[in-house]
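The values are calculated or read from the model by the stated rules, or taken from the named source; none is laboratory data. This one's a predicted model, so the numbers in the text were calculated from it and none came from an experiment. Cβ atoms come from the backbone with ideal geometry, glycine included; neighbour counts cover every protein chain shown. For accessibility, only protein heavy atoms count, side chains too; no ligands or nucleic acids. Shrake-Rupley method; radii C 1.70, N 1.55, O 1.52, S 1.80 Å.
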Amino acid sequence: MGKTYRIKDIAELSGVSTGTVDRILHNRGKVSEEAQKKVEKVLKEIDYHPNLIARSLALKKKYKFITLIPSFAQGEYWAKLSEGINKAEQELFSYNIEVDRMFFNQYDKSSFDNLIPKIEEADCQGVIIATLFKESVIQLTQQLDKLEIPYVLIDAFIENTNCIAYYGTNSYDSGYIAGRLLFEQIQPEDNIAIFRFIRKGDMHSTQVMKREEGFRDYLYGHDFLGKIYPVHIHADESEENKEILDSFFATHEEIKAGIIFNSRAHVLGDYFRNQDIDRHFKLIGYDVINSNLNHLNDGYITHLIAQRPEVQGFNCVRALFRHLVLKEKVEQINYMPIDILIKENIKYYNNYI
């Protein structure tokens with residue numbers, strides 16, 4: 001008589017997670033019919049009534065999370081991840097969750113480094129980090145560990161950090177799968193190209209390096225006899241890229257297959273279309289963004305490998321919420337599906353939250 005039941009207590013009695021109980025009590029999000037019945041049965045047995053005073057006190061506490069991701073234009077990969085972050089923030093509004101955004105240039109390591117002191121000085125309760133620049137991320141996470149500020153990693157998992165969670169694909173396996181997809185379209189002795197984007201500071205992002213490692217391991221483990229040629233191009237300088245690509249293909253006319261390990265396969269697709277090059281070149285890229293989809297549909301990209309950025313963005317905010325507010329244990333490694341998309345199945349793809 002008079003006992004106060006916490007969400008944790010109700011979850012244990014019901015045999016469901018605290019997150020499920022929270023969604024049922026506050027009528028937010030979807031739960032299974034079975035879970036709904038279990039919780040409602042327990043609520044009836046304990047004659048549960050919300051502790052409005054405790055809830056009022058809890059809601060006075062504010063939580064500020066900082067997201068550290070690359071700047072983006074509308075329609076780009078990081079814009080989609082940001083949509084997931086926005087959706088999570090909206091759903092958690094009643095818990096006084098606020099998300100501040102900090103942006104860096106994904107092709108310039110110094111722009112990331114310049115934000116580290118600002119994050120260290122910020123009054124925040126959690127940080128979400130896109131891990132493009134490994135050494136810089138390690139430096140930041142070591143400082144966050146000292147400050148006892150929890151953090152979530154996205155884009156690529158970095159070992160020897162104390163992140164509460166990682167959301168993203170297994171980058172190595174993603175590259176390994178890409179190796180198989182390309183190898184099955186060529187002869188073992190064919191030469192291929194890896195198109196890389198020029199960066200200031202670290203030559204490659206953490207994720208790109210792991211993808212390329214998996215890609216090469218597949219090829220060399222499956223009797224690949226050709227050569228791999230790296231081609232360095234720019235993210236947004238089409239005229240200079242044209243000169244680079246014209247020169248490369250003029251001296252390597254035999255190369256009819258290649259890969260880009262990030263979301264900018266459309267840069268090659270644009271080049272092929274503008275040069276009126278036939279669609280026999282086998283190009284594999286990453287991520288479902290409109291500019292890539294256009295070239296998947298017109299035949300200049302043969303495969304796209306996707307990783308559900310909206311879901312990543314949503315889940316990383318929810319992970320900090322669950323850890324800090326609900327006091328739930330969060331699974332550390334959360335791999336996204338590695339989705340393989342072709343022209344014939346793209347119209348059925350649904351990667352929304």
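General remarks:
- Site pair residue 254 and residue 343 shows an inter-label distance of 2.8 nm when each label is modelled 7 Å from Cα along Cα→Cβ.
- Couplings 3J(HN,Hα) of region 241-258, computed from phi: 4, 4, 5, 4, 6, 4, 5, 5, 6, 5, 9, 9, 4, 6, 7, 10, 8, x Hz, in residue order, whole Hz [Karplus 6.51 cos²θ - 1.76 cosθ + 1.60, θ = phi - 60°; x for Gly and Pro].
- Highest average first, the peptides 71-78, 167-174, 108-115 ordered by how many other beta carbon atoms sit within 10 Å of their residues are 167-174, 108-115, 71-78.
- Within the same chain, lysines fewer than 8 places from residue 30 are excluded, and of the rest, those with a Cα less than 21 Å from its Cα are 8, 38, 41, 44, 87, 327, 329.
- Per residue accessible area of the chain, 1.4 Å probe, in Å²: 50
- Mean ellipticity per residue at 222 nm, deg cm²/dmol - from DSSP H runs of n ≥ 4 across the chain, formula -39500 (n - 2.57): -13000 deg cm²/dmol
- The peptide list 39-46, 257-264, put in order of mean Cβ contacts within 10 Å with the highest first, becomes 257-264, 39-46.
- Put simply, when 12-23, 235-246 are sorted by average Cβ atoms within 10 angstrom per residue, most first, you get 12-23, 235-246.
- Derived scalar couplings ³J(HN,Hα) [region 108-117; Karplus, 6.51 cos²θ - 1.76 cosθ + 1.60; whole Hz; x for Gly, Pro]: 9, 4, 4, 5, 6, 4, 5, 8, 4, x
- The dipole here belongs to region 195-320: it is taken about the Cα centre, uses +1 on the Cβ of Lys and Arg and -1 on the Cβ of Asp and Glu, and is about 540 debye.
- For the chain, the longest principal axis of the C-alpha atoms and the axis of helix 265-274 are separated by about 40°.
- Per atom type, the chain shows carbon and sulfur on 48% of its accessible surface, probed at 1.4 Å.
- As a calculated quantity, the FRET efficiency between residue 90 and residue 275 at R0 = 56 Å, using C-beta atoms, amounts to about 0.80.
- Unit charges on C-beta of K, R, D, E only; dipole of the chain, Debye: 1720
- In order through region 62-67: 3J(HN,Hα) via Karplus (6.51 cos²θ - 1.76 cosθ + 1.60), integer Hz, x for Gly, Pro: 10, 10, 10, 9, 10, 9
- The chain: relative contact order as a whole-number percent, Cα under 8 Å and 6+ apart: 18
- Taking every DSSP bridge with both residues inside the chain, close to 5 percent are antiparallel.
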